[in-house]
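Derivation of every value follows stated rules applied to the coordinates shown; laboratory data play no part. Source: prediction; values computed, not measured. Ideal geometry is used to build each Cβ from the backbone, glycine not excepted, and the neighbour counts take in all protein chains shown.
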Protein chains: 2
Amino acid sequence: MTIGVTIGQAAAFAGVTIKTVRHYHKHGLVEEPRRDSSGYRRYGSAELLRLVQVRTLAAAGVPLAEIGPLLDADPERFAGMLVDVEQRLTDRIDELIARRDTLRRLAGGDRALLPDRACALLNRTAALGFTAEQVAIYRESLVLVRALVPDGFDAYLAQVEDAFDDTRFVELVRRCWVAKDWEPDDSRIEELATAMAEQFLANRALLTVSSDFQARIDTTRYGLLNHFGEDHEPTMARLTALVEAKLRSAGVRIPHQ
Amino acid sequence: MTIGVTIGQAAAFAGVTIKTVRHYHKHGLVEEPRRDSSGYRRYGSAELLRLVQVRTLAAAGVPLAEIGPLLDADPERFAGMLVDVEQRLTDRIDELIARRDTLRRLAGGDRALLPDRACALLNRTAALGFTAEQVAIYRESLVLVRALVPDGFDAYLAQVEDAFDDTRFVELVRRCWVAKDWEPDDSRIEELATAMAEQFLANRALLTVSSDFQARIDTTRYGLLNHFGEDHEPTMARLTALVEAKLRSAGVRIPHQ
DNA sequence: CTTGAGCCTGACCCGAGGTCAAGGTGCACC
DNA sequence: GGTGCACCTTGACCTCGGGTCAGGCTCAAG
């Protein structure tokens with residue numbers, strides 16, 4: 001009567017492959033069992049127990065290099081470490097659940113990149129009558145701002161929400177979008193810049209940015225005026241410059257460049 | 001005004017390392033963004049979106065090689081594949097939860113190797129007055145039987161549970177254990193073998209093994225008589241041989257060797 | 001003008017196994 | 001007593017998803 005089970009049976013019992021069992025032997029996690037007359041490994045319950053222990057810990061995400069010392073530690077320490085391993089496992093489970101939620105957002109474009117609050121803002125922008133292109137550009141600016149200043153993003157959103165409550169300001173922004181297609185030397189630009197600056201000064205909340213935000217956004221532009229492509233939009237560049245100049249001369253500190 | 005965010009900001013936004021972003025570029029998962037005048041990569045919202053998509057799928061366990069085709073598929077197929085990915089993720093979560101439960105069993109030896117039902121059986125064995133050593137040997141036999149014949153294990157347990165209800169049988173088994181220390185030619189062995197065979201014949205249920213079990217256990221011994229170390233226990237070997245002979249002459253089919 | 005952080009490429013390294021090759025064993029069936 | 005066929009042996013190399021290191025460039029601040 002040959003005593004003990006073969007490597008295949010041991011592997012099946014522990015729920016791993018034969019190769020994995022040999023891997024564990026090679027790394028000293030499970031001692032090599034005795035061999036039968038033909039050189040086959042023969043596993044007894046002690047080795048099976050060890051194998052199940054190793055596999056369970058490995059499957060829980062414990063690196064192989066840590067498993068040996070862990071299993072060889074005295075029972076007290078072992079129990080303590082088990083609690084730790086369980087905690088790590090729980091964290092991983094929670095993370096996977098979070099990933100699954102993110103995955104669901106993936107189906108609907110924006111929601112993968114922006115929090116619900118920002119998506120709501122985009123919807124509001126659309127409802128205010130801005131064109132699809134305008135909304136898309138604004139969306140891009142939101143994504144980039146969030147990437148640039150993750151910590152200040154919530155404060156930024158709050159400021160924009162406030163701005164949207166200022167109907168005169170919204171109207172001016174709409175006119176700025178129209179101005180995009182004017183010639184850079186159109187005389188109405190001067191007029192629009194004056195109105196814009198006055199509105200900013202009348203509602204100073206539009207200008208306040210958190211110090212955190214301010215500190216890091218120097219190279220970027222503030223509020224709704226911030227948008228890329230200015231290189232290709234000389235009219236907008238001129239409008240922005242005029243508004244900035246007017247605000248500065250009214251004593252508002254605005255970073256240059 | 002430099003447009004777009006740097007690789008570090010993009011990586012932080014997506015929650016990966018810089019190295020990982022470059023890895024994705026190298027494998028064509030995220031297109032290389034344009035570079036600024038100094039050769040730095042500059043990411044726009046399109047690349048950020050793609051990056052978040054890739055990271056989300058990768059974190060959900062989708063192999064990198066599958067992610068490209070998946071994201072480039074038309075929206076309908078994409079949605080379908082997302083469901084599939086989500087299913088895989090759910091499976092993994094469930095598996096991790098199961099692992100966590102197994103981990104808890106690791107603290108208490110037996111429970112990592114044997115189902116609760118088998119542990120209960122061991123406790124019952126102990127309560128019936130068998131010594132700790134006897135219980136330990138029986139435990140080992142249970143583990144090995146489970147490793148050898150995983151599918152037949154439940155049926156085997158059921159049979160043993162029945163056997164334990166047969167008080168005369170239990171008494172005989174206890175006497176067998178005592179016999180272990182007798183000389184191989186002790187005359188009481190003959191007597192004991194006769195009693196054992198009679199009991200088997202009186203309660204045929206003790207002999208029935210599921211065909212599934214039977215088919216694969218030929219090289220092993222049946223029921224409680226099955227235990228290793230017979231090589232070192234000539235007395236037990238003789239007892240077993242006598243019982244088998246008596247059963248065979250009574251017409252019971254027992255595999256040889 | 002230096003300092004420190006961030007970026008560039010490229011080559012090699014790592015964990016946890018998987019794959020392939022070339023051969024020995026055990027057993028059932030003809 | 002062959003002959004499959006599944007299973008076992010060792011050893012060398014491969015894979016995936018990155019990490020690490022080296023050597024050099026760029027940028028903003030003090």
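Sequence-distant contacts, meaning Cα pairs under 8 Å at least 6 residues apart, place the relative contact order of segment A:7-106 at 20 percent.
With its label point defined 7 Å out from Cα along the Cα-to-Cβ axis, residue A:132 lies at 7.9 nm from the matching points of the other copies, in increasing order. Here the calculated FRET efficiency for residue B:38 and residue A:155, from their Cβ-Cβ distance with R0 = 30 Å, stands at 0.45, rounded to the nearest 0.05.
Residues A:156, B:24, arranged from fewest to most other Cβ atoms within 10 angstrom of their Cβ, appear as A:156, B:24.
Residue-wise HN-Hα couplings along segment B:132-139, as the Karplus relation 6.51 cos²θ - 1.76 cosθ + 1.60 with θ = phi - 60° gives them from phi, are 4, 5, 4, 4, 5, 5, 5, 4 Hz; Gly and Pro carry x. Label-to-label distances for residue A:87 across copies, nearest first, come out at 3.7 nm, using points 7 Å from Cα in the beta-carbon direction. What sits nearest the axis between copies B and A, counting only chain B Cβ atoms, is the residue and whole-Å distance B:93, 3.
Summing charges over neighbours of residue A:42, with a neighbour being any other residue whose Cβ is under 10 Å away from its Cβ, gives +1 when K and R count +1 and D and E count -1. Per-residue 3J(HN,Hα) values for segment B:161-176, derived from phi via the Karplus relation 6.51 cos²θ - 1.76 cosθ + 1.60 with θ = phi - 60°, read 4, 4, 4, 5, 7, 8, 4, 5, 5, 4, 4, 5, 4, 4, 5, 4 Hz in sequence order (x marks Gly and Pro). Derived scalar couplings between HN and Hα for segment B:55-60 equal 4, 4, 5, 4, 5, 7 Hz in order, rounded to whole Hz, by the Karplus curve 6.51 cos²θ - 1.76 cosθ + 1.60 (θ = phi - 60°), x for Gly and Pro. As a proxy for reagent exposure, B:78, A:169 were ordered by neighbouring Cβ count within 10 angstrom, fewest first; the result is B:78, A:169. Shape class of segment A:7-106 from the Cα gyration tensor (axes a ≥ b ≥ c, square roots of the eigenvalues): oblate, since a/c reaches 1.5 or more and a/b does not exceed b/c.
Residue exposure proxy: A:162, A:74, ordered by other Cβ atoms within 10 angstrom of their Cβ from fewest to most, comes out as A:74, A:162.
Looking only at segment A:103-142, which residues have a backbone nitrogen under 19 Å from a spot 7 Å from the Cα of residue B:90 in the C-beta direction? Inside the label zone: A:103-108.
Sorted from shortest to longest, the distances between the residue B:171 label points of this copy and the other copies are 10.7 nm, with each point 7 Å from Cα along the line through the beta carbon. From the Cα gyration tensor of segment B:70-189, with a ≥ b ≥ c the square roots of its eigenvalues, which class applies: rounded if a/c is under 1.5, or else prolate if a/b is larger than b/c, or else oblate? Prolate, since a/c reaches 1.5 and a/b exceeds b/c.
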